[in-house]
Amino acid sequence: MTPPNASAPQNAMAGIGLRIGAASAMALMAATVKLGATSYGLHPVEMLGWRFIFALPLTMLFVATRSGGLGLFRTGHKLAHIWRGVLGMVTMGFAYWSLMLLPLAEATALSFAAPLFATILAALLLADRVGWHRWSAIVLGFAGVLFVMQPQHSALPAKGLAVAVVAAFLVACVNITIRQISRYDPPETTVLWFTTISALCLGCVMPFVAEPHTAGEWLLIVCIALFGGTAQMLLTASLSVAPVPVVAPFDYTQLVWAVTLGWIMFGDLPPATTWTGAAIIVASGLYVLIRERRSSRIVRVPEG
(Lines give C-alpha, C1' and ligand atoms only; values in the text may rest on other atoms or scores of the structure.)
Protein backbone atom coordinates (compact mmCIF):
# COMPACT_ATOMS: atom_id res chain seq x y z
CA MET A 1 0.00 0.00 0.00
CA THR A 2 1.30 3.46 -0.83
CA PRO A 3 2.19 5.47 2.28
CA PRO A 4 -0.18 8.33 3.02
CA ASN A 5 2.40 11.00 2.36
CA ALA A 6 4.06 9.36 -0.62
CA SER A 7 2.86 12.04 -3.00
CA ALA A 8 4.26 14.93 -0.92
CA PRO A 9 7.18 16.85 -2.45
CA GLN A 10 10.51 15.69 -1.04
CA ASN A 11 13.08 18.22 0.24
CA ALA A 12 15.92 16.69 2.23
CA MET A 13 17.38 19.93 3.62
CA ALA A 14 13.97 21.21 4.75
CA GLY A 15 13.23 17.87 6.39
CA ILE A 16 16.58 17.86 8.20
CA GLY A 17 16.02 21.41 9.44
CA LEU A 18 12.56 20.52 10.73
CA ARG A 19 13.90 17.39 12.43
CA ILE A 20 16.68 19.31 14.18
CA GLY A 21 14.06 21.83 15.30
CA ALA A 22 11.94 18.96 16.67
CA ALA A 23 14.89 17.47 18.56
CA SER A 24 15.73 20.89 20.01
CA ALA A 25 12.14 21.43 21.14
CA MET A 26 12.08 17.97 22.73
CA ALA A 27 15.25 18.73 24.68
CA LEU A 28 13.87 22.07 25.85
CA MET A 29 10.65 20.38 26.95
CA ALA A 30 12.59 17.73 28.88
CA ALA A 31 14.70 20.38 30.62
CA THR A 32 11.59 22.38 31.51
CA VAL A 33 9.84 19.28 32.89
CA LYS A 34 12.86 18.49 35.06
CA LEU A 35 13.07 22.10 36.26
CA GLY A 36 9.36 22.15 37.10
CA ALA A 37 9.51 18.88 39.03
CA THR A 38 12.81 19.30 40.88
CA SER A 39 12.90 23.05 41.52
CA TYR A 40 9.21 23.97 41.77
CA GLY A 41 7.64 20.72 42.96
CA LEU A 42 5.14 20.52 40.09
CA HIS A 43 3.19 17.26 39.92
CA PRO A 44 4.26 15.26 36.81
CA VAL A 45 0.66 14.28 35.97
CA GLU A 46 -0.41 17.91 36.16
CA MET A 47 2.47 18.98 33.89
CA LEU A 48 1.49 16.24 31.45
CA GLY A 49 -2.15 17.27 31.56
CA TRP A 50 -1.51 20.96 30.91
CA ARG A 51 0.96 19.99 28.19
CA PHE A 52 -1.85 18.39 26.17
CA ILE A 53 -4.64 20.79 27.11
CA PHE A 54 -2.62 23.82 26.00
CA ALA A 55 -1.17 22.04 22.97
CA LEU A 56 -4.51 20.81 21.62
CA PRO A 57 -5.57 24.15 20.03
CA LEU A 58 -2.11 24.56 18.48
CA THR A 59 -2.23 21.02 17.12
CA MET A 60 -5.67 21.58 15.61
CA LEU A 61 -4.49 24.84 14.05
CA PHE A 62 -1.44 23.08 12.64
CA VAL A 63 -3.49 20.22 11.18
CA ALA A 64 -6.01 22.72 9.75
CA THR A 65 -3.22 24.17 7.62
CA ARG A 66 -2.30 20.77 6.16
CA SER A 67 -3.80 19.23 3.06
CA GLY A 68 -7.16 17.81 4.15
CA GLY A 69 -7.43 20.12 7.16
CA LEU A 70 -9.37 18.92 10.19
CA GLY A 71 -10.93 16.30 7.93
CA LEU A 72 -7.76 14.36 8.77
CA PHE A 73 -9.50 13.52 12.04
CA ARG A 74 -11.60 11.00 10.12
CA THR A 75 -10.32 7.45 10.31
CA GLY A 76 -11.66 3.97 9.96
CA HIS A 77 -9.36 2.68 12.68
CA LYS A 78 -10.48 4.47 15.83
CA LEU A 79 -9.56 1.65 18.22
CA ALA A 80 -5.99 1.65 16.95
CA HIS A 81 -5.70 5.38 17.62
CA ILE A 82 -7.27 5.02 21.08
CA TRP A 83 -4.74 2.29 21.91
CA ARG A 84 -1.91 4.47 20.61
CA GLY A 85 -3.22 7.37 22.73
CA VAL A 86 -3.38 5.37 25.95
CA LEU A 87 0.00 3.77 25.31
CA GLY A 88 1.46 7.18 24.49
CA MET A 89 0.21 8.72 27.73
CA VAL A 90 1.71 5.89 29.80
CA THR A 91 4.96 6.22 27.87
CA MET A 92 5.17 9.95 28.48
CA GLY A 93 4.44 9.38 32.15
CA PHE A 94 7.47 7.11 32.43
CA ALA A 95 9.58 9.55 30.39
CA TYR A 96 8.65 12.45 32.71
CA TRP A 97 9.35 10.23 35.72
CA SER A 98 12.82 9.35 34.40
CA LEU A 99 13.60 13.06 34.01
CA MET A 100 12.75 13.60 37.66
CA LEU A 101 15.05 10.77 38.79
CA LEU A 102 18.07 11.10 36.48
CA PRO A 103 20.33 13.83 35.11
CA LEU A 104 19.15 15.14 31.74
CA ALA A 105 22.03 13.63 29.73
CA GLU A 106 21.65 10.13 31.15
CA ALA A 107 17.86 10.10 30.76
CA THR A 108 18.21 11.25 27.15
CA ALA A 109 20.99 8.77 26.32
CA LEU A 110 18.95 5.83 27.63
CA SER A 111 15.91 6.99 25.65
CA PHE A 112 17.87 6.34 22.47
CA ALA A 113 17.68 2.61 23.19
CA ALA A 114 14.12 2.79 21.84
CA PRO A 115 15.07 1.95 18.19
CA LEU A 116 16.92 -1.13 19.45
CA PHE A 117 13.85 -2.34 21.32
CA ALA A 118 11.70 -1.49 18.29
CA THR A 119 13.82 -3.67 16.01
CA ILE A 120 13.51 -6.60 18.43
CA LEU A 121 9.73 -6.12 18.70
CA ALA A 122 9.40 -5.90 14.93
CA ALA A 123 11.20 -9.21 14.59
CA LEU A 124 9.12 -10.91 17.28
CA LEU A 125 5.68 -9.43 16.60
CA LEU A 126 5.74 -8.47 12.92
CA ALA A 127 7.99 -11.26 11.63
CA ASP A 128 10.46 -8.74 10.22
CA ARG A 129 13.64 -10.28 8.90
CA VAL A 130 16.52 -9.04 11.03
CA GLY A 131 19.93 -10.12 9.75
CA TRP A 132 23.09 -10.55 11.72
CA HIS A 133 24.18 -6.98 10.94
CA ARG A 134 21.25 -5.52 12.87
CA TRP A 135 21.40 -8.14 15.64
CA SER A 136 25.07 -7.22 16.12
CA ALA A 137 24.16 -3.54 16.27
CA ILE A 138 21.47 -4.30 18.85
CA VAL A 139 23.90 -6.21 21.07
CA LEU A 140 26.39 -3.36 20.75
CA GLY A 141 23.70 -0.82 21.56
CA PHE A 142 22.70 -2.58 24.75
CA ALA A 143 26.37 -2.72 25.71
CA GLY A 144 26.24 1.07 25.43
CA VAL A 145 23.19 1.09 27.70
CA LEU A 146 25.20 -0.84 30.30
CA PHE A 147 28.01 1.71 30.01
CA VAL A 148 25.56 4.48 30.88
CA MET A 149 23.91 2.49 33.68
CA GLN A 150 27.16 1.20 35.26
CA PRO A 151 25.25 -1.56 37.08
CA GLN A 152 28.15 -2.54 39.36
CA HIS A 153 29.06 0.86 40.78
CA SER A 154 26.65 3.46 39.47
CA ALA A 155 26.12 6.72 41.37
CA LEU A 156 22.79 7.01 39.57
CA PRO A 157 19.64 5.75 41.32
CA ALA A 158 18.67 2.24 40.26
CA LYS A 159 15.01 3.25 40.23
CA GLY A 160 15.71 6.07 37.79
CA LEU A 161 17.70 3.80 35.49
CA ALA A 162 14.94 1.19 35.52
CA VAL A 163 12.27 3.80 34.77
CA ALA A 164 14.33 5.19 31.87
CA VAL A 165 14.78 1.74 30.32
CA VAL A 166 11.06 1.00 30.69
CA ALA A 167 10.31 4.37 29.04
CA ALA A 168 12.58 3.47 26.10
CA PHE A 169 10.84 0.11 25.73
CA LEU A 170 7.42 1.78 25.76
CA VAL A 171 8.58 4.26 23.10
CA ALA A 172 9.49 1.24 20.98
CA CYS A 173 5.98 -0.15 21.50
CA VAL A 174 4.55 3.20 20.39
CA ASN A 175 6.77 3.16 17.30
CA ILE A 176 5.54 -0.31 16.36
CA THR A 177 1.94 0.87 16.81
CA ILE A 178 2.54 3.98 14.71
CA ARG A 179 4.17 1.86 12.03
CA GLN A 180 0.98 -0.19 11.81
CA ILE A 181 -1.27 2.88 11.81
CA SER A 182 0.84 4.62 9.16
CA ARG A 183 -0.23 1.98 6.66
CA TYR A 184 -3.66 3.57 6.42
CA ASP A 185 -3.53 7.00 8.12
CA PRO A 186 -1.12 9.95 7.66
CA PRO A 187 1.04 11.24 10.55
CA GLU A 188 -1.24 14.29 11.01
CA THR A 189 -4.16 12.01 11.88
CA THR A 190 -2.08 10.15 14.44
CA VAL A 191 -0.89 13.36 16.10
CA LEU A 192 -4.39 14.84 16.17
CA TRP A 193 -5.94 11.73 17.72
CA PHE A 194 -3.11 11.33 20.23
CA THR A 195 -3.29 14.95 21.39
CA THR A 196 -7.10 14.92 21.59
CA ILE A 197 -7.34 11.62 23.50
CA SER A 198 -4.59 12.67 25.90
CA ALA A 199 -6.15 16.08 26.55
CA LEU A 200 -9.56 14.51 27.25
CA CYS A 201 -8.28 11.70 29.49
CA LEU A 202 -5.85 13.83 31.47
CA GLY A 203 -8.42 16.60 31.69
CA CYS A 204 -10.59 14.23 33.72
CA VAL A 205 -7.70 13.67 36.15
CA MET A 206 -6.68 17.32 36.49
CA PRO A 207 -9.21 18.21 39.25
CA PHE A 208 -7.41 15.70 41.51
CA VAL A 209 -3.83 16.91 40.87
CA ALA A 210 -4.05 20.55 39.77
CA GLU A 211 -2.94 23.21 42.25
CA PRO A 212 -2.74 27.03 42.32
CA HIS A 213 0.47 28.34 40.77
CA THR A 214 2.61 31.42 40.72
CA ALA A 215 3.21 33.35 37.50
CA GLY A 216 6.62 31.71 37.17
CA GLU A 217 5.16 28.21 37.52
CA TRP A 218 2.48 28.98 34.93
CA LEU A 219 5.24 30.16 32.59
CA LEU A 220 7.01 26.82 32.99
CA ILE A 221 3.79 24.91 32.35
CA VAL A 222 3.04 26.92 29.20
CA CYS A 223 6.63 26.36 27.98
CA ILE A 224 6.27 22.60 28.46
CA ALA A 225 3.13 22.63 26.31
CA LEU A 226 4.68 24.87 23.65
CA PHE A 227 7.91 22.89 23.41
CA GLY A 228 6.13 19.51 23.38
CA GLY A 229 3.50 20.57 20.85
CA THR A 230 6.11 22.25 18.66
CA ALA A 231 8.26 19.11 18.68
CA GLN A 232 5.37 16.96 17.46
CA MET A 233 4.37 19.43 14.76
CA LEU A 234 7.92 19.89 13.47
CA LEU A 235 8.55 16.15 13.40
CA THR A 236 5.27 15.55 11.58
CA ALA A 237 6.19 18.23 9.05
CA SER A 238 9.63 16.67 8.56
CA LEU A 239 8.02 13.33 7.68
CA SER A 240 5.94 15.00 4.98
CA VAL A 241 8.86 16.61 3.14
CA ALA A 242 11.72 14.10 3.43
CA PRO A 243 12.18 10.31 3.77
CA VAL A 244 12.48 8.92 7.28
CA PRO A 245 16.01 7.48 6.78
CA VAL A 246 17.23 10.95 5.77
CA VAL A 247 15.86 12.87 8.76
CA ALA A 248 15.77 10.32 11.61
CA PRO A 249 19.55 10.40 12.34
CA PHE A 250 19.18 14.04 13.38
CA ASP A 251 17.06 12.95 16.36
CA TYR A 252 20.40 12.40 18.08
CA THR A 253 21.11 16.13 18.17
CA GLN A 254 18.79 16.07 21.18
CA LEU A 255 21.66 14.57 23.17
CA VAL A 256 23.85 17.62 22.50
CA TRP A 257 21.05 19.84 23.79
CA ALA A 258 20.52 17.60 26.83
CA VAL A 259 24.18 17.76 27.87
CA THR A 260 24.31 21.53 27.34
CA LEU A 261 21.04 22.27 29.16
CA GLY A 262 21.86 19.83 31.96
CA TRP A 263 25.14 21.66 32.54
CA ILE A 264 23.70 25.19 32.33
CA MET A 265 20.48 24.62 34.27
CA PHE A 266 21.42 21.90 36.78
CA GLY A 267 25.22 21.87 36.90
CA ASP A 268 25.33 18.25 35.70
CA LEU A 269 28.29 17.16 33.60
CA PRO A 270 28.09 13.49 32.52
CA PRO A 271 31.06 11.24 33.34
CA ALA A 272 33.19 9.50 30.73
CA THR A 273 31.07 6.34 30.98
CA THR A 274 27.97 8.26 29.91
CA TRP A 275 29.80 9.79 26.94
CA THR A 276 31.12 6.36 25.93
CA GLY A 277 27.77 4.63 26.35
CA ALA A 278 25.89 7.39 24.54
CA ALA A 279 28.32 7.21 21.61
CA ILE A 280 27.84 3.42 21.37
CA ILE A 281 24.04 3.72 21.57
CA VAL A 282 23.96 6.43 18.90
CA ALA A 283 26.33 4.50 16.62
CA SER A 284 24.29 1.30 16.92
CA GLY A 285 21.05 3.18 16.35
CA LEU A 286 22.42 4.81 13.23
CA TYR A 287 23.61 1.47 11.92
CA VAL A 288 20.17 -0.08 12.49
CA LEU A 289 18.69 2.90 10.65
CA ILE A 290 21.07 2.41 7.72
CA ARG A 291 20.03 -1.22 7.47
CA GLU A 292 16.38 -0.10 7.47
CA ARG A 293 16.99 2.42 4.69
CA ARG A 294 15.83 0.20 1.85
CA SER A 295 12.39 -0.41 3.29
CA SER A 296 11.98 2.92 5.17
CA ARG A 297 9.84 1.15 7.77
CA ILE A 298 10.57 3.36 10.75
CA VAL A 299 8.04 6.10 11.49
CA ARG A 300 8.58 8.14 14.62
CA VAL A 301 6.28 10.55 16.35
CA PRO A 302 8.03 11.75 19.50
CA GLU A 303 6.59 11.16 22.93
CA GLY A 304 6.79 14.82 23.80
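Numbers below:
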| read-out | value |
| --- | --- |
| Total residues in region 68-81, condition over 13 Å from Leu192 (Cβ atoms), touching a residue at least 12 places away in the same chain (Cβ under 8 Å) and in a helix (DSSP H, G or I) | 1 |
| Check on Thr38, at pLDDT 90 or above, of a type in the set (S, T, N, Q), in a helix (DSSP H, G or I) and touching a Cys at 6+ places or on another chain (Cβ under 6 Å) | no |
| Test: Leu220 is under 30 Å from Leu289 (Cβ atoms), assigned to a helix (DSSP H, G or I) and touching a Leu at 6+ places or on another chain (Cβ under 8 Å) | no |
| Evaluation of Val247 against (1) touching a residue at least 24 places away in the same chain (Cβ under 8 Å); (2) closer than 18 Å to Met89 by Cα (one fails), failing number | (2) |
| Residue count for region 192-213, restricted to those that are surrounded by fewer than 21 Cβ atoms within 10 Å (Cβ to Cβ), of a type in the set (Val, Ile, Thr) and over 19 Å from Gly36 (Cβ atoms) | 2 |
| The listed residue being among the hydroxyl-bearing types (Ser, Thr, Tyr) and free of Cβ contacts under 8 Å to residues at least 12 places away in the same chain, out of Ser98, Ser136, Ser111 | Ser136 |
| Where Asp251 falls short, out of the listed (1) in a helix (DSSP H, G or I); (2) more than 20 Å from the chain's Cα centre (by Cα); (3) within 24 Å of Val148 (Cα to Cα); (4) acidic (Asp, Glu) | (2) |
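The values are calculated or read from the model by the stated rules, or taken from the named source; none is laboratory data. Remember, predicted model here, so these are calculated numbers, not experimental data. Don't worry about glycine lacking a Cβ; one is built from the backbone with ideal geometry, like all the others, and counts go over all protein chains shown.
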